[in-house]
Amino acid sequence: MSKVKIIVQFSGGKDSQACLIKACETYGADKVTAIFCDTGWEHELTYKHIHNIVNLLGVKLVILKNNKVDGMAGLCRRMNWFPDAKNRMCTVQLKVYPMIDWILAQDEHMIILQGIRAKESAERVKFDVECSYFKDYFDTSVKKRLYRKQDVRKWCNMHDASVLRPIFSWSAQQVIDYILSHGQRPNPLYERGASRVGCFPCIFARLNEIKIVARDEKYKQRVIDLENTINSKRDNGNEATFFCKGKIPARFCNQNSNGSPTFGEVSEYVLKDENQPTLWDETEPIMSCVSLYHGLCE
Ligand code: SF4
């Protein structure tokens, strides 16, 4: 066992796309495998884009799902609630666990490329350009519960999984220029105004991003239906909503028992004056899946 697998975590966003192109240039497309963790909650354009790009580049695509839950909607139904900043079960269950399960099933060393950029956030600037994928499993200061700890340690006795972040110092513009210079286009959702690509919507979507969902009846109704399904099974009077309390000013909410807005209310708020900038949005922190295993969500 001496082969090395070249893996790129491909979310369908621009950074992972640039990373995938770079991997093909560095190692050769025939050596590269793109990994997409499917939450079942992405926009159809993202699914199409992922297939287009891997076909264009001629790389293998592995689609990972958590077979124990039926995607994002199934997970929320099972929780009978929605994930939030304190409980990011969506990333953990739909992306982290399937990725670890898949790695542990491979009898090869791995180089895992991630399209993470320092300029994305104050959190990401602290990341290493290179590290071990399972470094936390060997760090005694890490106190959180680690998934399949014994299995990971056993796998690491025989294998290496290194993480490289080849576009770490790039700006967003460099990423776009790089994609265009290779005759490709980024995910069409950016042209519709999305600043990030991933779940549609993501639990961390900013108001300007929610606007794109709110304008699209099919995806808007998908969230409303999920809220309704979950609430039809709840009997403690505490209404479950996709976004948390404080997402929009309280005066625009019909104050359910926990004070959080329904997706319908958030949609109405973001679309209420299409021509005005959404000032409230500017105060919102940019949040994303900042977890142990970076790069699974854009
Ligand atoms: S993109 Fe957002 S909603 Fe989807 S798994 Fe990541 S944090 Fe959760």
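The values are calculated or read from the model by the stated rules, or taken from the named source; none is laboratory data. Here the structure is a predicted model, which is why all the values come from computation and not from measurement. Virtual Cβ from ideal backbone geometry, glycine too; neighbours counted across all protein chains shown. Heavy atoms of the whole protein, side chains included, go into the accessibility calculation; ligands, DNA and RNA do not. Shrake-Rupley method; radii C 1.70, N 1.55, O 1.52, S 1.80 Å.
Top to bottom by accessible area (1.4 Å), largest first, where do LYS245, LYS86, LYS60 land? Numbers along the way, then the final one.
On the way: LYS245 150, LYS86 200, LYS60 110 Å².
Sorted by accessible area, descending: LYS86, LYS245, LYS60.
So, counting K/R as plus one and D/E as minus one, what does the shell of residues with Cβ under 12 Å around ASP38 add up to? Present the calculation step by step, with values, prior to reporting the outcome.
Working: positive: LYS65, LYS95; negative: GLU42, ASP70.
Neighbour charge sum, excluding ASP38 itself: 0.
If I ignore ligands, DNA and RNA and count only protein heavy atoms, how much of VAL125 is accessible to a 1.4 Å probe, in Å² to the nearest 10?
Per-residue accessible area (VAL125): approximately 90 Å².
Could you pull the Rg and Dmax for region 1-84, using just the Cα atoms, both in Å?
15.0, 46
Restricting the calculation to Cα positions, tell me the Rg (one decimal) and the Dmax (whole number) of the chain in Å.
19.7, 62
Taking a ≥ b ≥ c as the square roots of the eigenvalues of the Cα gyration tensor of region 54-172, is the shape rounded (a/c under 1.5), prolate (a/b larger than b/c) or oblate? Walk me through the numbers before you get to the answer.
Details: a/c = 1.25, a/b = 1.16, b/c = 1.08.
The shape class here is rounded.
Leaving out same-chain residues fewer than 8 places away, which aspartates and glutamates sit with a Cα under 17 Å from that of LYS272?
Within the straight-line cut-off, LYS272 pairs with GLU209, ASP216, GLU217, ASP281, GLU282.
In whole percent, how big is the carbon plus sulfur part of the accessible area of the chain, probe 1.4 Å, protein atoms only?
Roughly 50 percent, rounded to a whole number.
Between LYS149 and ASN231, how high is the FRET efficiency from 1/(1 + (r/R0)^6) when r is the Cβ-Cβ distance and R₀ = 45 Å? Nearest 0.05. Show your work: numbers first, answer last.
Details: r = 37 Å, r/R0 = 0.81.
For LYS149 and ASN231, the calculated efficiency is 0.80.
Based on the Cβ-Cβ distance from ASN258 to ILE224, what FRET efficiency comes out when R0 is 25 Å, to the nearest 0.05?
With R0 = 25 Å, the Cβ-Cβ based efficiency is 0.90.
Enter the angle in degrees (range 0 to 90, nearest 10) between the Cα long axis of helix 149-158 and the first principal axis of the Cα atoms of the chain, meaning the one along which they spread out most.
With rounding to tens, the tilt is 30 degrees.
Tell me, what is the 1.4 Å probe accessible area of CYS253, in Å² to the nearest 10?
We get 20 Å² for CYS253.
Evaluate region 139-220: find the radius of gyration of its Cα atoms, find its Kirkwood radius, and give the ratio Rg to Rh.
1.14
Which sequence of GLU217, GLU123 reflects their accessible areas, 1.4 Å probe, from the largest down?
Largest accessible area first, the residues go GLU217, GLU123.
Could you do me a favour and compute the accessible area per residue for the chain, 1.4 Å probe, result in Å²?
Values: 14200 Å² over 298 residues.
Per-residue value: 48 Å².
State the antiparallel share, in %, of DSSP beta bridges confined to the chain, rounding to the nearest 5.
On the way: 4 of 22 bridges.
Antiparallel bridges: around 20 percent, rounded to the nearest 5.
Under 27 Å between alpha carbons, and skipping anything fewer than 8 positions from LYS31 in its own chain: which lysines qualify?
Once the sequence-local lysines are set aside, what remains near LYS31 is LYS3, LYS5, LYS14, LYS22, LYS48, LYS60, LYS65, LYS95, LYS135, LYS154.
Given a Förster radius of 22 Å and the C-beta distance between ASP101 and ASN157 as r, what FRET efficiency does 1/(1 + (r/R0)^6) yield to the nearest 0.05?
Result of the calculation: an efficiency of 0.75.
From a point 7 Å beyond the Cα of MET79 in the direction of its Cβ, which residues of region 206-231 have a backbone N at a distance under 17 Å?
Only 206, 223-231 pass the distance filter.
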